[in-house]
Amino acid sequence: MIRVSKSVIGPKEKKAVEEVLHRAFLGMGEETQKFENELQAYVGSKFPPVCVNSGTAALHLAIQTLDIKAGDEVLVPSLTFVATFQAISATGATPVACDVSDKNGLIDLKDAERKITKKTKAIIPVHYASYLGDLEALYAFAKINSLRVIEDAAHAFGGSYLGKKVGSFGDTICFSFDGIKNITCGEGGAVFSSDPQVLERIKDARLLGVMKDSEKRYKNERSLEFDVVEQGWRYHMSDIMAAIGRVQLSRLDAEFAPARQKFAAAYRERLREIKEIAFLETDLQTVVPHIMPIRVLNNKRDALRKWLNQEGVQTGMHYKPNHLLSKYAQPGEVFPVSEKLYEELLTIPLHPEVTMEDFERITVLIARGLAL
Ligand SMILES: *Cc1c(COP(=O)(O)O)cnc(C)c1O
């Protein structure tokens, strides 16, 4: 079976974990701080990010720390992983689903504008399939409407926009380092922000609200006499995770990014010849593609998916729109583009260990499956 996504872990990650295990300090410590500093250097951000134990935790803490709470509304594209919605509702705020653009699958600002009310506090763009779209227009929209921006950049680590790395500019940016993302810590996430006060508060909030505990932990110590002023969570990263992440980060530009870019470009080039396949807009010069969604037209997606699976090619579906989930459904709302994409999108294998042979097999099988 050719897998749709996978972690790529080698001897260096294993050695790094072993070193942490030998140190016998497994929680959050100096390794996590080193990873944060290396992430800052890589992204070129003004401040180091705050590392946490998942992308969902990163989003939850970012939303909470921007003082978004019960009674507030947050604009979010329906076409995203349920994590984005859960992170909003975890704060008590209401996720307000918006439709997406037919061109690129990113939040449709016209629909978002229609959904603004007095309660709207923030917008969470999702960098679907790593593409940033017109991020300048999004920030301009946020500014005009006095909204905070929390970027769900779970797909977008390593990418850049107008020459600047994602995470180095903007408001508050959340990454995921789960098992299949562009780099992994096993599980993990990070929050970048242009606001140092937001980062300081998140540093406390990830450690149950224990004030200034992060500084102690970086020295492999912890606070015993402390104060707590805000709601916190046990969301910190462990040194085991950070050790994996540090090695992964060192491999991104040399190995992972070029492999992802090469096959994403090759798929487009090859599959373009098939008239029943279409693509969402992207820019492979500047993004590190996390997934490879294709649009299968004429109602053929499910049959193709079944055929590929039968022939040993695993595929995915990103995503079931959140407005179709019982928890988030709003009666009477229509999302024509999200629902059309939900019927058409098929994610085909893309990860750094896809081989030329896999690529040939997958593309031949797609052509054959559609001709059946
Ligand atoms: C992976 C992902 C998340 C959540 O990240 P986790 O690390 O899995 O918690 C959020 N949003 C999107 C779009 C994702 O793909």
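The values are calculated or read from the model by the stated rules, or taken from the named source; none is laboratory data. Quick caveat: nothing in here was measured; it's all calculated off a predicted structure. As a convention, Cβ positions derive from the backbone with ideal geometry for all residues, glycine included, and neighbour counts pool all protein chains shown. Note: accessible area is taken over every heavy atom of the protein model, side chains too, but ligands, DNA and RNA are not part of it. Shrake-Rupley method; radii C 1.70, N 1.55, O 1.52, S 1.80 Å.
Quick notes on this one:
- Only a single item in (1) more than 21 Å from Asn182 (Cβ to Cβ); (2) open to solvent by 70 Å² or more (accessible area, probe 1.4 Å) is not met by Glu255, and it is number (1).
- Of all the criteria given as (1) open to solvent by less than 30 Å² (accessible area, probe 1.4 Å); (2) out of contact with any Asp or Glu (no Cβ under 8 Å at 6 or more places or on another chain), the one not satisfied by Gln261 is (1).
- The residue that is farthest from the ligand (Cβ to nearest atom), counting only those in segment 117-157 that are of a type in the set (Gly, Ala, Ser) and open to solvent by less than 10 Å² (accessible area, probe 1.4 Å), is Ala142.
- First in segment 216-245 and of a type in the set (S, T, N, Q), second anywhere and open to solvent by less than 20 Å² (accessible area, probe 1.4 Å) and part of a helix (DSSP H, G or I), Cβ under 6 Å, 6 or more apart: Ser223/Asp213
- Residue satisfying all of: in segment 33-59; hydroxyl-bearing (Ser, Thr, Tyr) and within 16 Å of the ligand (Cβ to nearest atom); least open to solvent (accessible area, probe 1.4 Å) among these: Ser54
- Residue count for segment 200-221, restricted to those that are more than 19 Å from the chain's Cα centre (by Cα), at negative phi and not charged (D, E, K, R): 6.
- Selection count where residues are open to solvent by less than 30 Å² (accessible area, probe 1.4 Å), touching a strand residue (DSSP E or B) at 6+ places or on another chain (Cβ under 8 Å) and in a helix (DSSP H, G or I), scope segment 204-240: 3
- Only one of the listed residues (Arg295, Arg305) is surrounded by fewer than 21 Cβ atoms within 10 Å (Cβ to Cβ), touching a Ser or Thr at 6+ places or on another chain (Cβ under 7 Å) and over 25 Å from Ala87 (Cβ atoms). That residue is Arg305.
- Residue within segment 80-98 that is away from the ligand (no atom under 16 Å from the Cβ), closer than 29 Å to Asn145 by Cβ, assigned to a loop (DSSP other than H, G, I, E, B) and open to solvent by less than 50 Å² (accessible area, probe 1.4 Å) present: yes
- Cβ-Cβ under 7 Å pairs, at least 6 apart or on other chains, segment 177-193 side assigned to a strand (DSSP E or B), far side among the hydroxyl-bearing types (Ser, Thr, Tyr) and within 11 Å of the ligand (Cβ to nearest atom): Gly189/Ser54; Gly189/Ser176
- Flag for Glu113 being in contact (Cβ under 8 Å) with a residue 12 or more places away in the chain, in a helix (DSSP H, G or I) and either at negative phi or within 12 Å of the ligand (Cβ to nearest atom) (or both): yes
- Yes/no for Ile68 being more than 16 Å from the ligand (Cβ to nearest atom) and either at pLDDT 95 or above or surrounded by fewer than 21 Cβ atoms within 10 Å (Cβ to Cβ) (or both): yes
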